[in-house]
Ligand code: MTE
């Protein structure tokens, strides 16, 4: 039995607090009445209601408390500490925003936030795991990346997808000053078939609302079978390429972070095991909450993407 089950509609009471459940019932009613209401991004970003139809996977686990998911993470543009993204992203302005999709595409295009919000938004409750050993269960709101790629009509020569985060030292304190922990912009990449897998989404929200700055407002990548660093935030450019793109963590520490970064309990990080993980907020922060890590984070349906590959060499 896989540790999750595919769903059409989930009883929200299984995984969300009652307030969110009531809100989701309203959303379902809206959907049944013909057409889902779309939030207007001209409203303030961050904590703005963002209706979406239920549509993902229910890992049959408790969602991580929102307060934990929005206060403990990595976003080095705001600093290297786990509390920095929440504490130091207040000056960041996710509006207005544009996302350019270019490269090996028949119809390259630039999308504003209204256009991104007009894609069919779904709530996807995904298990997430960081290479550092912590994990969370997060109700994302977004749409399949493949829907965006379809719009620009990838050419036959396109084999990979490169992603790039905004550079704004004036709004991102981690990009100013003498110590620069990473080269900017933060960049990531996927093989085209990984990018087009139905589990891969561009997220515009979490916990029923638009993304907070610290979690990658206004648009970020979510790939639930890969370690958290693949989930590039505040994306301004997506480029279809023929060659495998450079990725930030692979460039900075190639012996520790590969291009693929699939969650794999059998391939240890050179400095620590990947066999177990600690679920943030689940009754004990670190140490008291060890659980086994699952291959591909439990999303077995992606295994075919890697058939015949040596996942020890391609870590
Ligand atoms: N995206 C950018 N632009 N900058 C970053 O430093 N950190 C990554 C990823 N995306 C990062 C980023 C890492 S290491 C992790 S673990 C996740 O964001 C954590 O954030 P999340 O919990 O919101 O997914």
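Computed from the coordinates by the stated procedures, all read-outs in this text should not be read as laboratory data. None of the values given here were measured: they were computed from a predicted structure. Using ideal geometry, Cβ is built from the backbone for each residue, glycine included, and neighbour counts are taken over all protein chains shown.
Given points 7 Å out from each Cα along the Cα-Cβ axis, report the residue 114 to residue 82 separation in nanometres with one decimal.
With each label placed 7 Å out from Cα toward Cβ, I get 4.1 nm.
Among 233, 93, 312, which comes first, second and so on when ranked by fewest other beta-carbon atoms within 10 Å?
312, 93, 233
With a point put 7 Å past each Cα toward its Cβ, work out how far residue 93 is from residue 68 in nm, to one decimal.
3.6 nm
By per-residue mean of other Cβ atoms within 10 Å, what is the highest-first order of 186-196, 207-217?
207-217, 186-196
I need the fraction of alpha carbon pairs in region 12-252 separated by more than 22 Å, rounded to a whole percent.
52 percent
If each of residue 307 and residue 170 carries a label point 7 Å out from its Cα toward its Cβ, how far apart are those two points in nm?
5.3 nm
Over region 12-252, what is the relative contact order in percent, taking alpha-carbon pairs closer than 8 angstrom and at least six residues apart?
RCO, region 12-252: 25 percent.
In region 12-252, what percentage of the DSSP-assigned beta bridges are antiparallel, given to the nearest 5?
85 percent
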